[in-house]
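> The structure follows.
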Amino acid sequence: MKKSKAIIISVVLAVMSFIILITASVALFSDSVTVVNYLQAGTLEIGLARTQLTGRTADENGILQVTTDLERVDLTNVQTDDPNDTVFDLGAQSVPGVWQEATLEIENRGTVAFDYAVTFFFAEAPAAGSAAERLAQSLLVTVTDAQGEVLTEEGTTLADVVAQGAIPLGSISSPNAKYTFRLKIELPLAEDVWDTGTGETIMNGALSFNITVTATQKV
Amino acid sequence: MKTRKTALLTAGLTIALCAAVIVGSTFAIFGASTTREVTVTTGSVDVSAQFGDLTLYSLTPESSEAQPTGSLSFGAGGTAALDSAGGSIALTGIVPGDRAEFTLTITNTGTSAARCLIVYESSVTGVEGAQDALNYSVTAADDPDFSFGSWSADPLAAGESISFVISVELDKSAVQVTDEEGNVQTFITQATVAFTVYAGQANASDADLNGALGLTPAP
């Protein structure tokens, strides 16, 4: 029974092969049209620049000066060693009372609409009980969006915004469109606090933190 | 039966894989970001103070104004000695018109600009009310308006020094006191005057500095 089944299958296959061969030899005249569907992906690319840096910072003699820097600094590419290639430049002699406000311009250099946000995070988490940690809890941060709306509550510290994560700033739809937003940091004069450089001091403290502006396509 | 089971399993797996691909693709949205590191470094306020150039003056028969004695003794035998470590001057056996004059040099050893405040506290052994007969004065060539209990007007840059000339005098109009038996009493057996120098960050207001120190503003 099995043998006969095998024979039948073999015969059927042989017939089918023969038909294919015949058909191929008959189909000498043929034609075809191909329609190409062209699909191009958009690009999401941002440009970020600091257009103004205003503030009150200490000069090399430790004396506070009010300054306004209108030089445009492109922050799009990887940070260089240039001390000016950053968002803030408070110098090395900060004391309570210093502050800086940076005006940043974000540009849609691609073709895709996006939402953008700013995130603060520590370059290295300050050690518990250190001057750096106290500094992070003293530095006030203010984020103002392109519409001039202040997005941070009064008294928000750097430690707070680091814990908060991304702060949405808005959206950009049109290619080449530009919006400006502002970031401010301030080391306020604490009332009735006499910091003698000992104990719970912030003197000679150093703290590094990163500011990241992220664009994500609108979905 | 076995083949059917295999087919069902294969179909199930295929569906699961397709679902995973679809779900996975929802995370593959376009995004871009740029990051800048910011470093905040705080300065410090610190000062050192040094006594020097002690000169003694006493009245002479030839002049109604006290004249330099040229030694570490007053004209009537009293003495004066500076204690740099304790920040004080000790006067013994002085008589009306005796005056001790010395310099106090303050150096900003911190990294931030500072303003200074000098206060004194005296401890007098002598007749009743002798303490009120001591006159104190302070002058600074660079800050003519400076006085005890008031913050210096100009900021002292990091590394800079300022010298003050301080004098302590027993008022020449002080009246000699006798006891019930008519014996003349020593007006001042000993007077010790201690000076304290405070330094505060230059940008703080007098009110803020006084508030932090818990000091009553000078009248």
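The values are calculated or read from the model by the stated rules, or taken from the named source; none is laboratory data. All of these numbers come straight from a predicted model, not from anything done at the bench. Ideal geometry is used to build each Cβ from the backbone, glycine not excepted, and the neighbour counts take in all protein chains shown.
> Would you pick out the residues in the range A:205-219 that are surrounded by 14 or more Cβ atoms within 10 Å (Cβ to Cβ), assigned to a loop (DSSP other than H, G, I, E, B) and within 7 Å of chain B (Cβ to nearest Cβ)? So that I can check it myself, show each step before the final result.
Taking the range A:205-219 and keeping what is surrounded by 14 or more Cβ atoms within 10 Å (Cβ to Cβ), we get A:205-218.
Then drop every residue that is not assigned to a loop (DSSP other than H, G, I, E, B), which leaves A:205, A:218.
The answer is A:G205, and nothing else.
> Considering only residues of the range B:185-197 that are surrounded by fewer than 20 Cβ atoms within 10 Å (Cβ to Cβ) and not β-branched (V, I, T), which is modelled with the highest pLDDT?
B:A194
> Going by the conditions given, is B:G43 of a type in the set (G, A, S) and within 14 Å of another protein chain (Cβ to nearest Cβ)?
Values: of a type in the set (G, A, S): yes; within 14 Å of another protein chain (Cβ to nearest Cβ): yes.
Answer is yes for this residue.
> Checking the condition under 27 Å from A:A206 (Cα atoms) and not in a helix (DSSP H, G or I), which residue from A:V143, A:V161, A:V112 passes? Can you show your working first?
Working: A:V161 fails: not in a helix (DSSP H, G or I); A:V112 fails: under 27 Å from A:A206 (Cα atoms).
So the residue among A:V143, A:V161, A:V112 that is under 27 Å from A:A206 (Cα atoms) and not in a helix (DSSP H, G or I) is A:V143.
> Does A:A123 satisfy the condition of being modelled with pLDDT under 95, among the aliphatic types (A, V, I, L, M) and over 17 Å from the mean Cα position of the chain (by Cα)? Give the steps one after another, and end with the answer.
Details: modelled with pLDDT under 95: yes; among the aliphatic types (A, V, I, L, M): yes; over 17 Å from the mean Cα position of the chain (by Cα): no.
Here the answer is no, as A:A123 does not meet what is asked.
> Answer with yes or no whether A:A49 is exposed (fewer than 10 other Cβ atoms within 10 Å of the Cβ), under 34 Å from the mean Cα position of the chain (by Cα), of a type in the set (A, V, I, L, M, F, W, C) and at pLDDT 75 or above.
On the way: exposed (fewer than 10 other Cβ atoms within 10 Å of the Cβ): no; under 34 Å from the mean Cα position of the chain (by Cα): yes; of a type in the set (A, V, I, L, M, F, W, C): yes; at pLDDT 75 or above: yes.
No.
> For a quick check of your reading of the model, give me the residue pairs whose first member lies in the range B:191-211 and is more than 10 Å from every other protein chain (Cβ to nearest Cβ), whose second is of a type in the set (D, E, K, R), with beta-carbon atoms closer than 6 Å and at least 6 apart or on different chains.
As it stands, the answer is B:A194/B:E121, since those pairs meet every condition given.
> Also, quick follow-up: Here's a check for you: in the range A:65-85, which residue that is assigned to a loop (DSSP other than H, G, I, E, B) and touching a residue at least 24 places away in the same chain (Cβ under 8 Å) is surrounded by the fewest Cβ atoms within 10 Å (Cβ to Cβ)? Break it down into steps so the answer makes sense when it comes.
First pass over the range A:65-85, keeping only residues assigned to a loop (DSSP other than H, G, I, E, B): A:70-72, A:75-85.
From what is left, the residues that are touching a residue at least 24 places away in the same chain (Cβ under 8 Å) are A:75-76.
On the way: A:L75: 23, A:T76: 15.
Per the stated criteria, the residue is A:T76.
> Scanning for something modelled with pLDDT under 95, buried (at least 19 other Cβ atoms within 10 Å of the Cβ), not acidic (D, E) and not in a strand (DSSP E or B), does the range B:54-65 turn up at least one residue?
No, the range B:54-65 has no match at all.
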